[in-house]
Amino acid sequence: MDHFSFQQGVLHCEEVDVPSLADRFGTPLFIYSKRTFIEHYDRLHAAFADLNPWLCYSIKSCSNLSICRLLADRGAAFDVVSGGELARAMEAGADPGRIVFAGVGKTDEEIRAALAVDIGWFNVESEAEMANLASIASEMGKTARAAVRVNPDVDPQTHVYTTTGKRETKFGIDLERAKSVFAEFANKPGIAPVGIHVHIGSPVNTIDPYVQAITKTLGLIDELATAGHRVTAINIGGGFGAHYDGGEAPTARAYAERIVPLLAGRELTVLLEPGRCIAANAGVLVARVLYTKASGDRRFLIVDAAMTELLRPALYGSYHFAWPVVPFNGMVPPRRSADVCLDGSVRVDVVGPVCESADFLAKDRMLPPVARGDLICLFSAGAYGFSMSSQYNSRPRPPEILVEGETVRLIRRRETYDDLVSAERL
Ligand code: LLP
């Protein structure tokens, strides 16, 4: 699952003990394990090898340049959703021909920047965007390769805020209208609609929704072929799960066992856009306890990390396993789960300093006794942790550290008060 483990009662990232990192870099602090990143990427690569797919790392999940570089060096392609992510991918050394650009609201400036470097594909989300892309590409004397994003109306059975494959969401074009899009744009200058993109949501911890969405999409591809439109690529999006609560996500192999047979022998280039399943378990957020406090029958651990560093609990009610970095009496849980209850543990809420009641990181958890100054680790924070962080309450963002074996590298420095205001000193 990852390379964070308790050794002699102390949490380690690979071979490095976490308290030494907290002392050296301060808290709050994001720590990533390079081995975990690589293993997750390699497992996916091996599981889907029969399709020889493009694994387009979804930058939004964890966008640090060093992480992007690490995956580019491993052979990853990239999924970007903004001009900023495109700039990151380019700076990380991505092959532009293996970048795909998704998102319902690409600006003209972003489209031009992507065309200028000849990216691989645009995942196009509406007829209006198709027309705009065709016109900008024509002006630039280029032909944009487009994958029409379809909305298959499939329920991914995940949080409503991260559901994208149902008809009522803003994403994609419904299957019926997709046919007319191909008819309309097949021979228009500036655009080549030769792919189909489908991303149903995230995290999707069951495989049936993928099977339904891909089956519907392949049906569309067959109908398009009958109408004379040859689709050469299918992008099945991202959304594979990660382990937040122990073992809830299917393995890469389990996803592949059901998905590969649907696509094998189809003469389609296959693209995947994984983010979370590579990054989530590869990172943790470490915080220090500032105060402990009781209020009525509730006990709070007030820590120096907040919703500004890890928004997921506040935004989606997401579960992140929390545990002291050096647990009292060596109390180490058998698995990382909400239902762990060791003798002597105390029920607490782990909360941050931000002035919002939504500012909690873990609620109603049985933890070993903890005192002011102790360190708490929030696990599985590698995906949508730092990348969704903010400076709300004028809190400088924390540093990011990459560990490989015994080697420690600062990959983003802690922001300063000067960083908070430098863009405002005009
Ligand atoms: N492709 C598209 C078109 C996407 O919209 C996304 C994620 C991905 C790929 C990558 O999905 P992944 O493999 O990482 O699940 N902030 C939320 C997740 C939002 C996902 C947005 N789109 C969270 O913290 O759970």
(message) For a 28 Å ceiling on Cα separation, which of these pairs sit above it: K60/K179; K142/K179; K60/K363?
(response) K60/K179
(message) If I fit a long axis through the Cα atoms of helix 208-226 and take the longest principal axis of the Cα atoms of the chain, what angle between them do I get, 0 to 90°, rounded to 10?
(response) 10 degrees
(message) Could you tell me the calculated FRET efficiency between D50 and N393, based on Cβ-Cβ distance and R0 = 56 angstrom, to the nearest 0.05?
(response) 0.70
(message) Please compute the contact order of the chain in relative form: average sequence separation of alpha-carbon pairs under 8 Å and at least six residues apart, divided by the residue count, as a percent.
(response) 19 percent
(request) Mind checking which aspartates and glutamates have their Cα closer than 15 Å to the Cα of K188? Skip sequence neighbours fewer than 8 apart in that chain. (result) E127, E129, E139
(request) Averaging sequence separations of C-alpha pairs under 8 Å and six or more residues apart, then dividing by the length of the range 34-277, give the relative contact order as a whole percent. (result) 20 percent
(message) Only bridges whose two residues both fall in the range 126-234 count here: according to DSSP, what percent of them are antiparallel, nearest 5?
(response) 10 percent
(message) Quick check on the chain: of the DSSP beta bridges with both residues there, what percent are antiparallel, nearest 5%?
(response) 50 percent
(request) Determine, for each peptide in 326-335, 300-309, the mean count of other beta carbons within 10 angstrom over its residues, then list the peptides with the highest first. (result) 300-309, 326-335
(message) Take D245 and V117, extend 7 Å from each Cα along the Cα→Cβ direction, and tell me the distance between the two endpoints in nm.
(response) 3.9 nm
(message) What FRET efficiency comes out for T206 versus R266 if R0 is 25 angstrom and r is the Cβ-Cβ distance? Round to the nearest 0.05.
(response) 0.60
(message) What's the magnitude of the charge dipole for the chain around its Cα centre, counting Lys and Arg as +1 and Asp and Glu as -1 at the beta-carbon? Answer in Debye, nearest 20.
(response) 260 debye
(request) Give, in nm to one decimal, the length gained when the segment between Y161 and V104 is fully stretched (0.36 nm per residue of separation minus the Cα-Cα distance). (result) 19.0 nm
(message) Based on the alpha-carbon set only, what is the convex hull volume of the range 34-277 divided per residue, in Å³?
(response) 111 Å³
(request) Set the Förster distance to 30 Å, then compute FRET efficiency between R413 and A371 from the Cβ-Cβ distance, nearest 0.05. (result) 0.55
(request) Tell me the label-point distance for the pair L65, F300, using the 7 Å Cα-to-Cβ offset, in nm and rounded to one decimal. (result) 3.9 nm
(message) Order 26-33, 337-344, 274-281, 385-392 from most to least packed using the mean count of other Cβ atoms within 10 Å.
(response) 274-281, 26-33, 385-392, 337-344
(request) Counting only heavy atoms of the protein chains, get the accessible area per residue of the chain (1.4 Å probe) and round it to a whole Å² value. (result) 41 Å²
(message) When 1/r is averaged over all different Cα pairs and the result inverted, which Kirkwood radius in Å belongs to the chain?
(response) 22.6 Å
(message) At 1.4 Å probe size, with the rest of the protein present, what percent of the exposed accessible area of the chain is carbon and sulfur atoms?
(response) 49 percent
(message) At 0.36 nm per residue, and after removing the present C-alpha to C-alpha distance, how many nm does the segment from R43 to T292 gain when stretched out fully?
(response) 85.5 nm
(request) Throw me the Rg/Rh for the range 180-302, computed over C-alpha atoms with Kirkwood Rh, two decimals. (result) 1.22
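The values are calculated or read from the model by the stated rules, or taken from the named source; none is laboratory data. Computed from a predicted structure; not experimentally measured. Neighbour counts run over all protein chains shown; Cβ positions are idealised from the backbone, glycine included. These accessible areas exclude ligands, DNA and RNA; they are computed on the full protein's heavy atoms, side chains included. Shrake-Rupley method; radii C 1.70, N 1.55, O 1.52, S 1.80 Å.
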